[in-house]
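The structure under discussion appears below in the form of structure tokens.
The values are calculated or read from the model by the stated rules, or taken from the named source; none is laboratory data. Every value quoted in this text rests on a predicted model; they were computed, and no experiment measured them. Note that we place each Cβ from the backbone using ideal geometry, even for glycine, and neighbour counts take in every protein chain shown.
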Amino acid sequence: MTTFLGMPLAPPGVGHLRGTEPFPVAARRALGDSQLRRNLRKATTTIRAKRAAAVGELPDWERLRDAAQAIKAETMAHLDSYLEQLEARVTERGGVVHWARDAAEANRIVAGLVQATGSTEVVKVKSMVTDEIGLNDALAADGITAYETDLAELIIQLGEDRPSHILVPAIHRNRAEIREIFLREMGDVDPALTDDPPALAEAARLYLRRKFLAARVGVSGANFGIAQTGTLCVVESEGNGRMCLTLPETLITVMGIEKLLPSWNDLEVFLQLLPRSSTGERMNPYTSMWTGVTPGDGPQQFHLLLLDNGRTAALADQVGRAALHCIRCSACLNVCPVYERAGGHAYGSVYPGPIGAVLSPQLTGVQDNATLPYASSLCGACYDVCPVKIDTPSILVHLRARHVEEERQQRRLPSGEAITMAAASWVMADSRRWQAAQRAASQAGRVLGRGGRIRRLPPPLSAWTAARDAPVPAPVTFRQWWHQEHGDQPRHRNQAGRGDQA
Ligand code: SF4
């Protein structure tokens, strides 16, 4: 397939969407960092409690989730026409719309726009999509310095670190570590700076104010774009976004094509769901909206860059496309037992946690990010909290199936797993073979087991015991026990309700 809904399919996405090592390797290393685990547990526990309280206040929460799911499904079904509508409205209001197929093209366009202003500095609003395309590094390569102005993003940038959470990028850092970074990197910061949060915030405020007042170009992402009016919307908590969106002469907004909403009225649903799901607040402290250019008010040059970077490929997958409904609230990260223990860096993508495990592989191509769909226990907690009702566990299973199928097509010989499954199927298809296998397993368990557990099995079963032990099979099988107790074989019922001997 080369087109979908009339749009050419983009090549697999590029940018900061995959790590340099598989998830299990990175996760194993992260699990050995006890400070990281303490920081993560404290932060996720706090955010989870706040979210639960805020969500509990709304009696129509489930109806809001249903509405959001329906709006997003409708948007994705007609994405091509909504995008054209958005482009027309933005252009009518004095904005310029650009289209980018991938990260490299997007970075080239943004760098060119900044260079055209003659500026060598930009101030940035926190934006996942610019992290995704690696915009800061690309601008730096062209001699342009990007200053992050969100407090957590600033900590990450000054610490030459990587974000590990969608909403709280520095969740893996504690106060003492942040103080050290500020003292080391901010230059003229007071040496008596303490790790008291208000003191750290004041230091950041003083540092950033100079950047805001000097900047001629602002760069932002967008939480929502309204096709009906051409309006863009950014929500944030610190007011830094409002500064970046209003003070510079030129504003460049990078938006993934999936961030669209059809009409202004749809915002009503999402502006209730997003703050309660993300920060546990009733509403966002700052909600900024703008439509094109307003003479004499705010930036007089506005560029909107619409980014694909693998999104049309995801849209073509009838199951996987629901990942494009995500509004990046991060509620699924905060409830995920895997994320809470491994942290965000282990995912290797700017989108960690459950949403990263379903979105990143679709943007890059499943084969290029094959360990992420397996980075889940499939407990379903992510689905329960998702404000747009993304059935993440089902998408994970679907992507695993896609991965297995793609692997199968590439191999000439069947994999060890396929051989094992075929053998298991053959054994289980016949009751005598199955009973013989149970007897053999029981005897082997007595030889290999210590203290009721088997800690090491021979290949290929060693793949299981490499990361966990296995219980010793019971000395008596269920059938033998039944026979001893009842003197008869257990029976099961077939679909016609007849009792058959198993
Ligand atoms: S998948 Fe749902 S819960 Fe997770 S970040 Fe996206 S919208 Fe939030």
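Go through the stretch 311-389 and tell me which helices (runs of 4 or more DSSP H), entirely inside it, have 1 or more residues that are within 13 Å of the ligand (Cβ to nearest atom) and under 22 Å from ASN284 (Cβ atoms).
Result: 331-335, 353-364, 381-385.
In the condition set (1) in contact with a Lys or Arg (Cβ under 7 Å, 6 or more places away or on another chain); (2) more than 25 Å from SER462 (Cβ to Cβ); (3) away from the ligand (no atom under 16 Å from the Cβ), ASP430 is compliant with all but (1). Whenever a residue of the stretch 381-394 is modelled with pLDDT of 95 or more, its partners that are more than 9 Å from the ligand (Cβ to nearest atom) and of a type in the set (Val, Ile, Thr), lying with C-beta atoms within less than 9 angstrom and at least six residues away or across chains, give the pairs VAL385/VAL55; PRO387/VAL55; VAL388/ILE71; ASP391/VAL319; SER394/VAL319.
What's the number of the only condition in (1) within 28 Å of ALA313 (Cβ to Cβ); (2) within 21 Å of the chain's Cα centre (by Cα) that LEU40 fails to meet? Condition not satisfied by LEU40: (1). Out of curiosity, is GLN301 more than 25 Å from the chain's Cα centre (by Cα), of a type in the set (S, T, N, Q) and either within 25 Å of LEU158 (Cα to Cα) or surrounded by fewer than 23 Cβ atoms within 10 Å (Cβ to Cβ) (or both)? Yes.
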